[in-house]
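Peer 1: Dropping the structure in here first, questions after.
The values are calculated or read from the model by the stated rules, or taken from the named source; none is laboratory data. The model shown is predicted, which means the values in this text are computed figures rather than measured ones. Reconstructed Cβ throughout: ideal geometry from the backbone, glycine too, with neighbour counts over all protein chains shown.
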Amino acid sequence: MTKIDYSELRSLTARELINALVKDDFSLDRQSGSHRQYRHLDGRRVTVSLHHASDVFRPKTLKSMIEKLDRIYKINKPLFFLIISIKDDEE
């Protein structure tokens, strides 16, 4: 697994997380209830469970999602740094 410094990772709203996924070329593949599955052209998939666009994903949850992508696909850095840059743009 790639070693990443998560010290800059901050909470994101569902809308911010989805925007980060879309900027990283993920698109909504399917939805079942509150679970939305986003798929990348290279085959990566991320499931986002949300009820409102303002739902907040805490750093621990985001870290878990990034690490799962790394374990399965071995290519997590673009999404991680995209999430960090979104938070930097807002400040």
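Peer 1: Where residues in the stretch 1-24 are among the β-branched types (Val, Ile, Thr) and at pLDDT 85 or above, which of them is surrounded by the fewest Cβ atoms within 10 Å (Cβ to Cβ)? Step through it out loud before you land on a result.
Peer 2: Of the residues in the stretch 1-24, the ones among the β-branched types (Val, Ile, Thr) are 2, 4, 13, 18, 22.
Filter again for at pLDDT 85 or above, leaving 13, 18, 22.
Values: 13: 15, 18: 19, 22: 13.
Top of the filtered list is 22.
Peer 1: Against the condition in contact (Cβ under 8 Å) with a residue 60 or more places away in the chain, within 20 Å of residue 70 (Cα to Cα) and not β-branched (Val, Ile, Thr), how does residue 12 come out, does it pass? First the steps, then the outcome.
Peer 2: Values: in contact (Cβ under 8 Å) with a residue 60 or more places away in the chain: yes; within 20 Å of residue 70 (Cα to Cα): yes; not β-branched (Val, Ile, Thr): yes.
Against the criterion (in contact (Cβ under 8 Å) with a residue 60 or more places away in the chain, within 20 Å of residue 70 (Cα to Cα) and not β-branched (Val, Ile, Thr)), residue 12 qualifies.
Peer 1: Moving to a separate point now. Among the listed residues 8, 16, identify the single one that is within 11 Å of the chain's Cα centre (by Cα) and acidic (Asp, Glu). Give the derivation first.
Peer 2: Numbers: 8 fails: within 11 Å of the chain's Cα centre (by Cα).
When all the criteria are applied, what remains is 16.
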